[in-house]
1. Which of the following residues is over 18 Å from Y133 (Cβ atoms) and out of contact with any Asp or Glu (no Cβ under 6 Å at 6 or more places or on another chain): E169, E173?
2. Checking the structure you have, find out if any residue of the stretch 95-114 is under 14 Å from the mean Cα position of the chain (by Cα), of a type outside the set (S, T, Y) and under 21 Å from N144 (Cβ atoms).
3. Search the stretch 150-185 for residues being free of Cβ contacts under 8 Å to residues at least 60 places away in the same chain and among the β-branched types (V, I, T), and hand back the single one that is farthest from F116 (Cα to Cα).
4. State whether the residues of the stretch 69-78 include one that is more than 30 Å from D186 (Cα to Cα), outside the structural domain of L159 (by TED's automatic domain parsing) and surrounded by fewer than 19 Cβ atoms within 10 Å (Cβ to Cβ).
5. Filtering the stretch 41-89 down to residues that are of a type in the set (D, E, K, R) and in contact (Cβ under 8 Å) with a residue 24 or more places away in the chain, which residue is farthest from P125 (Cα to Cα)?
6. Filter the stretch 114-158 for residues that are crowded, with 16+ Cβ neighbours inside 10 Å, β-branched (V, I, T) and touching a Pro at 6+ places or on another chain (Cβ under 9 Å) and give the result.
7. Taking the conditions exactly as written (touching a residue at least 40 places away in the same chain (Cβ under 8 Å), assigned to a loop (DSSP other than H, G, I, E, B) and on the phi > 0 side of the Ramachandran plot), does N144 satisfy them or not?
Amino acid sequence: ITATRTGILPPTAGGLGAIVGIFDFIPYRISDGAQVGFNASPETLVIALHYAAPGGLLENTGISLADAAKYISIAYWNGIQWTRINGTVDAANQNITAIVTHLSRFAITATDVTSFRVLAAEPNPFTPLNPPYDKVTVSFANPNKYEVIFSIYDLTGTLFFTKTYTAGEIKIEWDGKDRNGNVGEDGIYIYQLQCGTQSYTGTMILAK
């Protein structure tokens, strides 16, 4: 499998922020060298993408290398738009890794950090009893490093879960459990983020 980094970058990935780098994973058949499609599902693969910071700034952004790990993530191109997936940053080696089930075009994206806004709640739906999609990750920009209150409500408006996170948090994971550690019923839940004087409300789907 060859990972080719493309030389031409679009400036942004829509709501996911700036694109730091795009990587095409191209599988070839050993027997004749022909390019082939590849889908490992239900098995998984781990990909690792490297990011650079010429002049001390993350490529195509104004984010310093020291802060890069706080704001980058991985996305893949689904043929229509970029879709964020969870990634793990290795700041020492300037790599970000992700678990995937297919090989195609992937990108490192950097969050727009100029104002508070929610960027993604993924995977959505999520499946609390079936890894690796057993937690939903809510990603958001928090440039003023405010304390964040994260709350979950059912469709009747009843508070299901709430937690206060330390100042500066930019990613929150929820495993589908209430305040007593019990997994919720299948259905739609309303989540709310309170960040300073601003708030955001969205929905997520829990499917066991």
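The values are calculated or read from the model by the stated rules, or taken from the named source; none is laboratory data. Worth saying up front: this structure is predicted, and the values here are computed from it rather than measured. Neighbour counts run over all protein chains shown; Cβ positions are idealised from the backbone, glycine included.
1. Numbers: E173 fails: over 18 Å from Y133 (Cβ atoms).
E169 is the lone residue from the list that is over 18 Å from Y133 (Cβ atoms) and out of contact with any Asp or Glu (no Cβ under 6 Å at 6 or more places or on another chain).
2. Taking the stretch 95-114 first, the residues under 14 Å from the mean Cα position of the chain (by Cα) are 96-100, 106-112.
Those still in the list that are of a type outside the set (S, T, Y) too: 96, 98-100, 106-108, 110, 112.
Add one more test, that the residue is under 21 Å from N144 (Cβ atoms), and what stays is 110, 112.
Looking through the stretch 95-114, at least one residue is under 14 Å from the mean Cα position of the chain (by Cα), of a type outside the set (S, T, Y) and under 21 Å from N144 (Cβ atoms).
3. Initial filter on the stretch 150-185 (free of Cβ contacts under 8 Å to residues at least 60 places away in the same chain): 150-169, 171-185.
Adding the requirement that they be among the β-branched types (V, I, T) leaves 152, 156, 158, 162, 164, 166, 172, 183.
Details: I152: 19, T156: 28, T158: 26, T162: 20, T164: 17, T166: 15, I172: 14, V183: 30 Å.
Residue satisfying both the conditions and the ranking: V183.
4. In the first step, residues of the stretch 69-78 are kept if they are more than 30 Å from D186 (Cα to Cα); the result is 69-72.
Next cut, outside the structural domain of L159 (by TED's automatic domain parsing) only: 69-72.
Filter again for surrounded by fewer than 19 Cβ atoms within 10 Å (Cβ to Cβ), leaving 69-70.
Yes, some residue in the stretch 69-78 is more than 30 Å from D186 (Cα to Cα), outside the structural domain of L159 (by TED's automatic domain parsing) and surrounded by fewer than 19 Cβ atoms within 10 Å (Cβ to Cβ).
5. Filtering the stretch 41-89 down to residues of a type in the set (D, E, K, R) leaves 43, 59, 67, 70, 84.
Filter once more, keeping what is in contact (Cβ under 8 Å) with a residue 24 or more places away in the chain: 43, 59, 70, 84.
Numbers: E43: 19, E59: 32, K70: 25, R84: 14 Å.
Only one residue tops the list, namely E59.
6. Residues satisfying the conditions are V136, T137.
7. no
Table: residues versus (1) more than 24 Å from A48 (Cβ to Cβ); (2) at pLDDT below 85.
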{"site": "L103", "(1), (2)": "no, yes"}
{"site": "D112", "(1), (2)": "yes, yes"}
{"site": "A141", "(1), (2)": "yes, yes"}
{"site": "Y153", "(1), (2)": "yes, no"}
{"site": "E169", "(1), (2)": "yes, yes"}
{"site": "G176", "(1), (2)": "yes, no"}
{"site": "E185", "(1), (2)": "yes, no"}
